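In what follows, a structure is listed as structure tokens, so that the remarks can point back to it.
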Amino acid sequence: MAEKLKILILDDEVIVGKRLAPTLQKHGCDVEVFSNPVDVIKRVNEKDFDIVVTDLRMKEMDGLEVLRQVKAKNERTKIIIITGYAMMEIARKAMDLGAFDFIAKPFKPNDLKLILNKAAAALGIDIDLTSAVSPEE
């Protein structure tokens with residue numbers, strides 16, 4: 001059996017994780033959802049994730065700091081930044097810090113799944129998160 005893709009989703013808007021997690025889990029992904037970046041830093045020190053999807057603007061810590069700390073723990077982790085504040089300067093800074101990609105809110109779940117597919121492929125994991133999943137799976 002193939003290794004499960006381990007994905008962590010961090011967004012202070014709880015609905016983002018609640019919408020994405022069930023679909024990703026149906027595709028066999030191991031998904032953990034957080035709304036507090038401080039909790040995420042504790043968690044990434046306990047477990048390695050293949051992909052971290054993080055919001056940019058949060059009260060306790062911004063997504064760039066999350067990116068720095070996750071990359072310091074595991075350089076292999078692919079980090080996708082999501083934000084309602086899509087500015088080229090921030091996108092460039094995130095990419096300079098090692099982000100894999102950047103997506104602006106509002107986004108369609110399928111748009112993020114396409115980026116997750118690319119991140120998984122970059123890790124050598126072949127998965128298609130945009131394909132339909134039958135209820136039996």
Exactly one of LYS47, LYS71 is surrounded by 15 or more Cβ atoms within 10 Å (Cβ to Cβ) and either in contact with a Phe, Trp or Tyr (Cβ under 7 Å, 6 or more places away or on another chain) or not polar (S, T, N, Q) (or both), and that residue is LYS71
Picked from segment 74-102 (must be modelled with pLDDT of 90 or more and among the β-branched types (Val, Ile, Thr)), the residue surrounded by the fewest Cβ atoms within 10 Å (Cβ to Cβ) is THR77
Filter result for LYS118 (more than 21 Å from THR23 (Cβ to Cβ), of a type in the set (D, E, K, R), at pLDDT 95 or above and surrounded by 12 or more Cβ atoms within 10 Å (Cβ to Cβ)): no
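Evaluate the following for ASP30: is it within 11 Å of the chain's Cα centre (by Cα) and within 26 Å of ASP128 (Cβ to Cβ)? Spell out how you get there, then give the answer.
On the way: within 11 Å of the chain's Cα centre (by Cα): no; within 26 Å of ASP128 (Cβ to Cβ): yes.
No.
The values are calculated or read from the model by the stated rules, or taken from the named source; none is laboratory data. Please read all numbers here as calculations on a predicted model, not as lab measurements. Here the Cβ is made from the backbone with ideal geometry for all residues, glycine too, and neighbour counts use every protein chain on show.
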